[in-house]
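Derivation of every value follows stated rules applied to the coordinates shown; laboratory data play no part. What you see is a predicted model; the values in this text were computed from it and never measured. Here the Cβ positions follow ideal geometry from the backbone for every residue, glycine too, while neighbour counts run over all protein chains shown.
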Amino acid sequence: MSRFPNVHFMLSVAAPAQFPPDDGAEVAFAGRSNAGKSSAINALTQRKALARTSKSPGQTRLLNYFELAPGQRIVDLPGYGYATAPPAERAKWAPLIDRLRARQALRGLLLVVDARRGIGDEDEGLIRWADPAERRVHVLLTKADKLTRNEARAALAAATKQLDGRATVQLLSSHSGAGVPEAQRALLEML
């Protein structure tokens, strides 16, 4: 049985006037392009194609809202780092993301990081953006199935040390399902 049996796509936001009403609770999903955000959303919601996945990085170009239940939403943000969008289009994302941060409904951030790469400077910037003193930040070290058991343990230990209590962190494999229940619990706690 799915924890989110009624999850569905709500809307895509391309301009500040398009945000849904600022009530209820929402959690943002963010991460580098091709870190596995869409796959993580699909794994956590137990849907195969709720969020569109692609082998080409930079496919999410708007803020995509999904309703998990009445008053509970997740927001899929455009990936940072490599993105195929033109610079003018990418320049439009900053005001939207700043507006998202100001919303009372925003309760937390699920930061998606490829476990093979570790937490980088842009990821650190997103943690500061979320302001862990105000909102919970939970890091999903994705693609854990591509690491050996020892490599996965080392990646988790390194991330835990680097985060130094500013965020919680876990391993996740959208492919095998390892870590999905733990990530679902973190999401529900934020909501």
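Entry note, the chain: relative contact order of 24 percent, from Cα contacts under 8 Å with a spacing of 6+ residues. The candidate values are [x] 23, 19, 17; [y] 56, 21, 12; [z] 45, 17, 15; the one derived from this structure for semi-axes √(5λ) of the Cα gyration tensor in Å carries the label [x].
Close amide H partners of residue 80, meaning residues 5 or more places away or on another chain with modelled amide H under 5 Å apart, are 31, 32, 33. Calculate the length of the line joining the C-alpha centroid of segment 157-191 to that of segment 1-53, in whole Å. Cα centroid to Cα centroid, the span is 17 Å.
Only DSSP H runs of four or more residues enter the estimate; each adds -39500 (n - 2.57), and after division by the residues of the chain the mean residue ellipticity at 222 nm equals -10000 deg cm²/dmol. Taking Cα centre as origin and charging only the Cβ of basic (Lys, Arg, +1) and acidic (Asp, Glu, -1) residues, the dipole magnitude of the chain rounds to 460 debye.
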